[in-house]
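So the structure is just underneath, and the comments pick up after that.
The values are calculated or read from the model by the stated rules, or taken from the named source; none is laboratory data. What you see is a predicted model; the values in this text were computed from it and never measured. Positions of Cβ are generated from backbone atoms using ideal geometry, with glycine treated the same way; all protein chains shown enter the neighbour counts. With ligands, DNA and RNA removed, areas are computed over all heavy atoms of the protein, side chains included. Shrake-Rupley method; radii C 1.70, N 1.55, O 1.52, S 1.80 Å.
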Amino acid sequence: MAKLRLYLVNVGLRVPLFQLSTPPLGLLYLAGYLRERFDLEIRVANQKVENYSYTALAEDIVGFGADIVGLSALTPFGYALGEVSRRVREGLPKALIVLGGPHASSFCEKALEDTAADALVAGEGERAFERLIQEYFLGGRDLSLIPGLIWREKEGEIVRNSGAMPLIEDLDSLPFPAYDLIDLRKYWKLPSMPPIPRRRYISLLSSRGCPYQCIYCHRIFGKRFRTHSAERMVDEIAFFSKHYGVRDVEFVDDSFNIDGERVIRFSELLRKRGLDVKLAFSNALRGDVLTEETVDALCDAGMYFSSFALETGSPRLQRLIGKNLNIPKFLRGVELSAARGVFTNGFNMLGFPTETEEELQMTIDTVCGSALHNASFFTVTPFPNTALYEMVREHKPEALKNLSYDNSDFIRIFVNCTDLPDDVLFAYQRKANRQFFFNVNRIYRMVRDYPQRRRLFQYAPTMINRTMKGIFGGR
């Protein structure tokens with residue numbers, strides 16, 4: 001039997017100014033896992049990095065002669081899965097087309113509806129894809145035997161199989177992400193998570209799952225926190241440093257620092273191995289569990305950038321949204337990090353259901369009084385299959401009627417889940433940007449502490465654009 005050909009791609013166009021492009025880590029882990037188990041020829045692509053049109057992307061997939069096509073997308077580009085899958089189906093009528101990734105995991109059956117795809121994997125993908133290849137391609141059976149799979153029967157009806165694939169408990173058993181399948185140098189020329197400067201880096205994921213119960217968050221990896229050991233993390237960094245010459249590692253964990261002992265052990269091993277690297281935590285550290293000891297350990301390991309997710313400065317809303325952040329401890333964690341020279345970036349949301357004007361101002365005052373260097377004030381956006389979505393549907397269903405996620409940068413989503421008038425909510429959003437950014441001391445600190453200060457000019461247009469949209473754009 002000839003080698004099966006597997007084409008995995010992150011679907012999504014490169015948008016001017018917001019060209020966020022990071023290595024497709026989920027696809028690289030999946031590719032590494034599958035090629036250990038099957039004789040496959042694999043191609044991994046990222047549409048943003050290749051700068052393909054949808055037509056060109058489909059032509060590349062067809063030209064590769066894929067037997068299996070895995071299409072992943074963030075929700076702003078979920079609409080494109082229909083066009084791409086139909087073009088691929090025209091050129092490869094016998095190929096198995098499978099959806100996965102963040103959009104598929106959020107929208108499930110709905111994500112499959114308007115596409116030519118055969119199946120959808122929601123959540124962690126390695127074991128589901130392994131079973132899919134075993135049952136469908138090697139066993140000649142249909143897709144009904146794969147627990148939790150969402151698929152399209154011959155008659156066109158979409159069904160969801162009962163059960164669920166077990167999560168991978170021992171993350172150290174996974175192979176390293178298959179970075180050899182992409183041209184990593186292309187990512188060094190594009191921005192990753194703003195405002196991190198361009199650099200020679202790799203992205204790594206040291207944990208899966210999150211024990212917190214935030215009502216707005218995805219559940220791709222479940223709510224059970226599972227980690228790589230400190231030894232495995234250091235082995236990965238040593239391997240990629242040797243083979244790619246990288247000296248910068250971007251961890252994209254949801255909750256890297258929950259286990260403080262693991263953080264300290266990781267720092268000790270890095271130093272013992274003589275690995276001189278810089279560390280960025282783009283998705284945020286959990287600020288209220290940081291201690292002086294763990295901040296010192298992370299900084300000794302090379303931390304120079306971290307995001308911190310406050311979301312709301314209201315203790316009542318912290319309980320409502322399930323984040324239950326200890327705000328004074330959070331502010332202390334940011335302060336400890338900034339004092340060690342870490343460039344601190346804040347994530348915040350305005351417009352939760354039942355949020356009052358006083359609570360909006362509470363968030364603004366908390367963020368503006370913090371040691372954060374940079375901050376984003378996003379509009380609360382409910383996504384399907386989250387508790388927040390159900391809350392909004394019950395509390396204010398009209399907010400969902402015209403909500404569109406298509407081709408959005410998440411700065412330009414305007415949805416009002418509060419009981420306040422639109423003009424009041426969005427006026428507070430503009431006020432937040434004015435109050436935060438129009439501060440001489442903060443501008444000085446941003447310039448002083450920005451990583452690679454000589455590159456600040458490259459990011460100034462993006463940061464100014466985002467600020468101006470918040471101040472002058474919108475409702």
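The three principal axes of the C-alpha atoms in the range 302-379 carry coordinate ranges of 41, 19, 17 Å, sorted with the longest axis first.
Treating each Cα of the range 1-122 as an identical point scatterer and summing with the Debye formula, the log10 of I(q)/I(0) at q = 0.11, 0.16, 0.22 Å⁻¹ comes to -0.33, -0.71, -1.37.
Per residue, the solvent-accessible area of the range 1-158 (1.4 Å probe, heavy atoms of protein chains only, all protein chains present) comes to 40 Å².
Among bridges DSSP assigns within the chain, what percent are antiparallel (round to 5)? So the antiparallel bridges in the chain amount to around 15 percent. Equivalent ellipsoid of the range 129-274: semi-axes from √(5λ) of the C-alpha gyration tensor, largest first, are 34, 20, 17 Å. Between Phe378 and Arg224, the contour length at 0.36 nm per residue exceeds the alpha carbon distance by 52.7 nm. Restricting the GluC sites (Glu not before Pro) of the range 124-204 to loop positions (DSSP other than H, G, I, E, B) with no more than 15 neighbouring Cβ atoms within 10 Å leaves Glu153, Glu155, Glu157, Glu169. Distance between the 7 Å Cα→Cβ label points at Arg393 and Glu90: 3.5 nm. In the chain, taking the dipole from charged Cβ atoms about the Cα centre, the farthest positive-side position among Pro147, Val295, Ala117 is held by Val295.
Here r is the Cβ-Cβ distance between Phe239 and Arg340 and R0 is 25 Å; the resulting FRET efficiency, rounded to 0.05, is 0.35. Scattering from the range 53-125 was approximated by placing one identical point on each alpha carbon and applying the Debye formula without solvent; log10 I(q)/I(0) at 0.18 1/Å stands at -0.60. Look at the alpha carbon pairs under 8 Å that are at least 6 residues apart: their mean separation over the length of the range 124-262 gives a relative contact order of 20 percent. Between Arg316 and Arg185, full extension at 0.36 nm per residue minus the direct alpha carbon distance yields a gain of 42.6 nm. The calculated FRET efficiency for Ala56 paired with Glu261, based on their beta-carbon distance and R0 = 35 Å, is about 0.10.
Of the peptides 176-188, 330-342, the ranking by mean beta-carbon count within 10 Å, highest at the top, reads 330-342, 176-188. Our analysis of the chain gives Rg over Rh at 0.95, with the two radii drawn from alpha carbon positions and Rh computed by the Kirkwood formula.
Exceedance of the 20 Å cut-off in Cα-Cα distance is limited, within the set Lys189/Lys278; Lys48/Lys94; Lys3/Lys94; Lys323/Lys401; Lys223/Lys323, to Lys48/Lys94; Lys323/Lys401. Here the chain has 50 percent of its accessible surface on carbon and sulfur atoms, given a 1.4 Å probe and all protein chains in place.
For the range 3-68, the alpha carbon positions stretch 40, 24, 11 Å along the principal axes, listed from largest to smallest. If you stretched the chain out fully between Asn441 and Leu13, how much longer would it get, using 0.36 nm times the residue separation minus the C-alpha to C-alpha distance? Gain on extension, Asn441 to Leu13, equals 150.4 nm. Any chance you could list P(r) for the range 96-194, counting all Cα-Cα pairs in 10 angstrom bins from zero, rounded to whole %? Once binned at 10 Å, the Cα pair distances of the range 96-194 give 14, 38, 30, 16, 3. The mean sequence separation of alpha-carbon pairs under 8 Å and at least six residues apart, normalised by the residue count of the range 24-168, gives a relative contact order of 17 percent. Remark: the range 239-331 carries 40 Å² of accessible area per residue (probe radius 1.4 Å; ligands, DNA and RNA excluded). Computed from the alpha carbon positions, the gyration tensor of the range 160-232 leads to an equivalent ellipsoid with semi-axes of 28, 18, 14 Å, biggest first. For the range 43-134, the list of trypsin sites (Lys or Arg not before Pro) that fall in a loop by DSSP and count at most 10 other C-beta atoms within 10 angstrom reads Lys94. What ratio of Cα Rg to 2.2 N^0.38 Å holds for the range 258-342? Against the empirical 2.2 N^0.38 Å value, I get 1.16 for the range 258-342. Relative contact order for the chain: 11 percent, from Cα pairs under 8 Å spaced at least 6 residues apart, divided by residue count. Over all Cα pairs of the range 194-253, how is the pair count split among 5 Å bins, expressed in % and running from 0 up to the last occupied bin? Result, from short to long distances: 4, 15, 21, 18, 15, 15, 8, 2, 0 percent.
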